Structure formats: C-alpha cells, structure tokens
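To keep things clear, I will list the structure first and then write my remarks on it.
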Amino acid sequence: MTPSPKINDFSIYVATVNGTGSQSANKILFRAFFYMGIPVSAKNIFPSNIKGLPTWFTVRVSGDGWEAFRKDPDVLVCMNPETAHDDVRQLTPGKLVLYNQSLSVDEAARKDLVYFSCPFDALAKEVSDNAKLRKLIV
C-alpha cells in the first residue's frame, strides 16, 4: 500500500550552537511559511542557555493547523558539529538531512537517509567580507 501524499504537513529540526544568531535565522524560516499562509508553529529548544552549547529549533508546518512538534522530523538541518552524528542517528529511514559542508556527517553510516551537503561557508563568503557577519549568515 502506497502512502498518500502529504501537502503542507512536515517538520524541520535545525540543530545549531547557542549564541550564533541561529534563533534569528530560524525565525526567518518560520515567518516564510507563515507569510505564505501555511499554518505553522515553532519552538526553540534549549538544553542550556550557555553560549556555545547545543540548541534545536523545531518548525511544524501543518495544513490542518497542528501545533505540537513531532518527535520524528522530516527534515534535519545539521549546523552543530558536536551533535550532528547523534542527530542523524536518531532519524527514522527516509528522512532528509541538510548539512553544512564543513561538517563531517558520515553518509555511509546511514544509507537509508537522503543527504544534501550545502557549502554555507562559501556562500556566506560571496555575500560579505566581514567575518563576524559571515558567521551570522551561515
């Protein structure tokens, strides 16, 4: 039996480092869905408010208006080298992993996932010469 297609029903987890400006970037992602008229909710998850420690931002897009986050995300955005391997390991098969090319995400460890490597650092370098601003852009 083939599952029926889902439209505007998915969740994204963004794994970053606290204090890098990630919350501002994540809010832009949230607002993009919101301004498209798609029911969306978001939550910043801090295991600690200490700069440099891991943080996760979850976005739930639901055409039916569901607001609770899903434990099993459809898309994982890996930006934290400290948690990348654990974050990927926890996904169920068939999920999508978007990761910063500078991370060492071992695609061979999980062949049941879809991977997209993105050169965020190189893209930010094309936009700005300011090192501090490039870090925020990434």
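Among residues belonging to segment 106-136 that are open to solvent by less than 80 Å² (accessible area, probe 1.4 Å) and under 15 Å from VAL14 (Cα atoms), point out the one that is modelled with the lowest pLDDT.
In this case the residue turns out to be PHE120.
I want to confirm something. Restricting to segment 58-85 and keeping residues that are open to solvent by less than 70 Å² (accessible area, probe 1.4 Å) and among the basic types (Lys, Arg), which single residue is modelled with the highest pLDDT?
ARG60
Take VAL88 and tell me if it is exposed (fewer than 14 other Cβ atoms within 10 Å of the Cβ) and modelled with pLDDT of 90 or more.
Working: exposed (fewer than 14 other Cβ atoms within 10 Å of the Cβ): no; modelled with pLDDT of 90 or more: yes.
When the stated conditions are applied, VAL88 does not pass them.
As an exercise: evaluate GLY52 against (1) in contact (Cβ under 8 Å) with a residue 40 or more places away in the chain; (2) open to solvent by less than 50 Å² (accessible area, probe 1.4 Å); (3) part of a loop (DSSP other than H, G, I, E, B); (4) not hydroxyl-bearing (Ser, Thr, Tyr) and give the number of the one condition it does not meet.
If we test GLY52 against (1) in contact (Cβ under 8 Å) with a residue 40 or more places away in the chain; (2) open to solvent by less than 50 Å² (accessible area, probe 1.4 Å); (3) part of a loop (DSSP other than H, G, I, E, B); (4) not hydroxyl-bearing (Ser, Thr, Tyr), just (1) comes out false.
Kindly indicate whether LYS43 is closer than 24 Å to LEU136 by Cα, assigned to a strand (DSSP E or B), open to solvent by 50 Å² or more (accessible area, probe 1.4 Å) and touching a residue at least 12 places away in the same chain (Cβ under 8 Å). Steps first, please.
Details: closer than 24 Å to LEU136 by Cα: yes; assigned to a strand (DSSP E or B): yes; open to solvent by 50 Å² or more (accessible area, probe 1.4 Å): yes; touching a residue at least 12 places away in the same chain (Cβ under 8 Å): yes.
Yes: the conditions hold for LYS43.
The values are calculated or read from the model by the stated rules, or taken from the named source; none is laboratory data. Quick caveat, the model's predicted, so the values are computed rather than measured. Virtual Cβ from ideal backbone geometry, glycine too; neighbours counted across all protein chains shown. Areas reflect the complete protein model, heavy atoms only, side chains present, ligands, DNA and RNA absent. Shrake-Rupley method; radii C 1.70, N 1.55, O 1.52, S 1.80 Å.
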